[in-house]
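Notes to accompany the following structure.
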Amino acid sequence: MLIKDGEVVKINTPTGDMNAHIFRPVAPGKYPAVLMYSEIFQVTGPIRRTAAMLAGHGFIVACPEIYHELEPAGTVLAYDTDGTERGNAHKITKELSSYDNDAKAVLAYLASREDCTGRLGVMGICIGGHLAFRAAMNPEVLAAVCFYATDIHKKSLGLGKNDNSLERAGEIKGELLHIWGKQDPHVPLEGRNMIKARLDEVGTRYTWHEFNGQHAFMRDEGHRYDPELALQSWNLLLALFHRRLGYGDLDIQADGAAAEARH
């Protein structure tokens, strides 16, 4: 499916305007929408390509700049030591409530779009996996995908490094997909087991996959990228989102005739 990108919208939040980068199919009509969270580096090239891939399968995708209070609009941190240190410092400088308010604002924006079916999902990578986990606590979220979500087991997201994500796991009512790398030092076996046990305890509907991969194996840049695992993960993600969010309204017209081509 051909896509349109390059659109940036400003979404009002309690801590100021936040840029969100929008990716969507070119063909007119209504589509389900996904709030997609980046890594600590914000909306980098690999994140943009991931969002484009998702949009090309029939979704409106919004990628917010998660550190909009802390960096000038449009800032992209580099995949280097300085960028990593800055992103990690921001992660524990921003208030936990601000992350949650940002999620509510983007979800409300997506639901209000005339080209959205109203069916909403979330996904995220690294810190974004954790943010997607928390965003899934909003009742309108029907499906969530979390790639190697950091800090859930350590309860260390946000100012004060004392988040309540595990305590609130029972608020997730949609379907959840967790994907992990077994060689990821940021989320060791004991951490993964802690999260899984909590999901079982509260009765979350979820699917759990652990691959022989490193942290950031989805990122199509750098030495940890694993294309084979990425492809398998894409198949899992798309199966969930299409099953829970649907395909939009362009398959048939009201009279049953063939609709406008999506490609």
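The values are calculated or read from the model by the stated rules, or taken from the named source; none is laboratory data. Here the structure is a predicted model, which is why all the values come from computation and not from measurement. All Cβ positions, glycine included, derive from the backbone under ideal geometry; neighbour counts span all protein chains shown.
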Checklist entry - Which of the residues spanning region 17-50 are within 12 Å of the chain's Cα centre (by Cα) and farther than 25 Å from ALA89 by Cβ? => result ALA33, VAL34
Next on the checklist: Every residue in region 16-44 that is at negative phi and either hydroxyl-bearing (Ser, Thr, Tyr) or in a loop (DSSP other than H, G, I, E, B) (or both), please.
Outcome noted: VAL26, ALA27, PRO28, LYS30, TYR31, TYR37, SER38, GLU39, ILE40, PHE41, VAL43, THR44
Next on the checklist: I need the full set of residues from region 21-57 which are in contact (Cβ under 8 Å) with a residue 60 or more places away in the chain and charged (D, E, K, R), in order please.
Outcome noted: ARG24, LYS30, GLU39, ARG49
Next on the checklist: Residue under question is ILE66, and the condition is that it be surrounded by fewer than 17 Cβ atoms within 10 Å (Cβ to Cβ) and within 20 Å of PRO14 (Cβ to Cβ); does it hold?
Outcome noted: no
Checklist entry - Out of curiosity, is ASP102 assigned to a helix (DSSP H, G or I), touching a Pro at 6+ places or on another chain (Cβ under 8 Å) and acidic (Asp, Glu)? => result yes
Checklist outcome for this item: Of the conditions (1) over 24 Å from ASP220 (Cα atoms); (2) surrounded by 15 or more Cβ atoms within 10 Å (Cβ to Cβ); (3) touching a residue at least 60 places away in the same chain (Cβ under 8 Å); (4) out of contact with any Ser or Thr (no Cβ under 6 Å at 6 or more places or on another chain), the single one that GLU71 does not satisfy is (3)
Item to check | Residue check for VAL141: in contact with a Gly (Cβ under 6 Å, 6 or more places away or on another chain), under 30 Å from TYR225 (Cα atoms) and in contact (Cβ under 8 Å) with a residue 12 or more places away in the chain | outcome: yes
Next on the checklist: Condition first: modelled with pLDDT of 95 or more, assigned to a strand (DSSP E or B) and crowded, with 19+ Cβ neighbours inside 10 Å. Can you find one or more residues in region 186-205 that meet it?
Outcome noted: no
Checklist entry - What are the residue pairs meeting all of these: first residue in region 212-233, first residue hydrophobic (A, V, I, L, M, F, W, C), second residue outside any loop (DSSP other than H, G, I, E, B), Cβ atoms under 7 Å, and 6 or more apart or on different chains? => result PHE217/GLY181; PHE217/LEU229; PHE217/ALA230; MET218/ILE125; MET218/PHE147; MET218/ALA230; MET218/SER233; LEU229/PHE211
Next on the checklist: Just to verify a result, which residue in region 27-58, among those that are touching a Lys or Arg at 6+ places or on another chain (Cβ under 9 Å) and at pLDDT below 95, is surrounded by the most Cβ atoms within 10 Å (Cβ to Cβ)?
Outcome noted: ALA27
Next on the checklist: Among the residues of region 117-128, are any more than 20 Å from LEU237 (Cα to Cα), surrounded by fewer than 20 Cβ atoms within 10 Å (Cβ to Cβ) and among the polar types (S, T, N, Q)?
Outcome noted: no
Checklist outcome for this item: Considering region 55-85, residues that are among the hydrophobic types (A, V, I, L, M, F, W, C) and part of a loop (DSSP other than H, G, I, E, B), and then whichever is farthest from PHE41 (Cα to Cα), we arrive at PHE59
Checklist entry - In region 90-99, what residues are more than 15 Å from GLN42 (Cα to Cα) and in a helix (DSSP H, G or I)? => result LEU96, SER97, SER98
